[in-house]
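*Asks:* I have a structure here, written as structure tokens, and I will follow up with some questions on it.
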């Protein structure tokens, strides 16, 4: 898991989740019945002379977020302060790339609420380019989707990393 994971979108763009990001995600897996959904924003960079991106950091749950067993609503103020701070200190090279949250299921699938929320982000958020990325952290692994502003289409991304390096937290037999 130390190398991170790479997802590939239908359009060929690749999204790398840094190892430190996977470590943060692992802290919020909903493995116990009392665990609540968690989430935040993806912060990272567009690679020079490439369509690829790297997620270097994520915001974590903070005051103002709503967390329940099957629901997460991100508050705006705290997460936006972090986005602004990272953008400023990186001189505009580290930017908002999308959203992440957890689900209490091994191989997460987006709910209709998730899809509607992601389409709203595509419509209303300020971001570079035409694409936002959406990550759901399950109890056994991580899945990714890309969404485009112009088409507002949400499409699953393929995991490109070998099984040993996928960031999967469960064996094939279960957690």
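What follows draws every value from the coordinates through simple rules; no lab data is involved. Values in this document were obtained by computation on a predicted structure and should not be read as measured data. Methodologically, a virtual Cβ is constructed for each residue, glycine included, from the backbone with ideal geometry; neighbour enumeration extends over all protein chains shown.
*Asks:* Mind checking the full-extension length gain between residue 128 and residue 85? Use 0.36 nm per residue of separation minus the Cα-Cα distance, one decimal, nm.
*Replies:* Length difference between fully extended and current span is 13.8 nm.
*Asks:* How much length would be gained if the chain were fully extended between residue 149 and residue 34, taking 0.36 nm per residue of separation minus their Cα-Cα distance, in nm to one decimal?
*Replies:* Computed gain between residue 149 and residue 34 is 37.8 nm.
*Asks:* What's the Cα-based Rg to Rh of segment 5-163, Rh via Kirkwood?
*Replies:* 0.93
*Asks:* Please arrange 73, 152 by counting, for each residue, the other beta carbons lying within 10 Å of its beta carbon, fewest first.
*Replies:* 152, 73
*Asks:* Taking 8 Å as the Cα distance limit and 6 or more residues as the minimum spacing, I'd like the relative contact order of the chain as a percentage. Numbers along the way, then the final one.
*Replies:* Numbers: 368 pairs, mean separation 42.0, N = 175.
Result for the chain is 24 percent.
*Asks:* Given points 7 Å out from each Cα along the Cα-Cβ axis, report the residue 120 to residue 11 separation in nanometres with one decimal.
*Replies:* 2.4 nm
*Asks:* Moving to a separate point now. Output the peptides 55-61, 66-72, 20-26, 6-12 sorted from most to least packed, where packing is the average of other Cβ atoms within 10 Å over each peptide's residues.
*Replies:* Ranking, from highest mean packing down: 55-61, 20-26, 6-12, 66-72.
*Asks:* Oh, and also: Residue 50 to residue 66: extension gain in nm, 0.36 nm per residue of separation minus the Cα-Cα distance?
*Replies:* Details: separation 16, 0.36 × 16 = 5.76 nm, distance 3.66 nm.
Extra length available between residue 50 and residue 66 comes to 2.1 nm.
*Asks:* Suppose only helical runs count, i.e. DSSP H with n ≥ 4. What mean residue ellipticity at 222 nm does that imply for the chain under -39500 (n - 2.57) per run, divided by all residues and rounded to the nearest 500 deg cm²/dmol?
*Replies:* That calculation yields -6000 deg cm²/dmol at 222 nm.
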